[in-house]
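Where a number appears in this text, it was derived from the coordinates with a stated rule and is not lab data. A quick note: this is a predicted structure, and the numbers were derived from the prediction, not measured. Cβ: placed from backbone, ideal geometry, glycine included. Neighbour counts: every protein chain shown.
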Amino acid sequence: MTDFTSSATCVAPARRKIGLMGYISLYRQRRALAGLDDARLNDIGVSRSDAESEALRPIWDAPQHWK
């Protein structure tokens, strides 16, 4: 019988720095999201109010998994 247990602990993924290009990309993505019409927002499952609130977030307010 094979033993699949491991003594290794689960390690969190390495944190990476966003950098200037990451912030520029985030800004562009938020602008593009704000520019979508209601039909396109509905296609991706985002409400107009959610899209607007995301677009209004400051550039340094990146998603937690980026940090």
Highest first, please rank the peptides 27-36, 56-65, 41-50 by the mean number of other Cβ atoms sitting within 10 Å of their residues. 27-36, 41-50, 56-65
For segment 48-64, just list the computed ³J(HN,Hα) in residue order, Karplus coefficients 6.51, -1.76 and 1.60, θ = phi - 60°, integers in Hz, with x standing in for Gly and Pro. 4, 5, 5, 5, 5, 5, 5, 5, 7, 5, x, 4, 7, 8, 7, x, 4
ALA32 versus SER53: modelled label distance in nm, points set 7 Å from Cα along the beta carbon direction: 2.3 nm
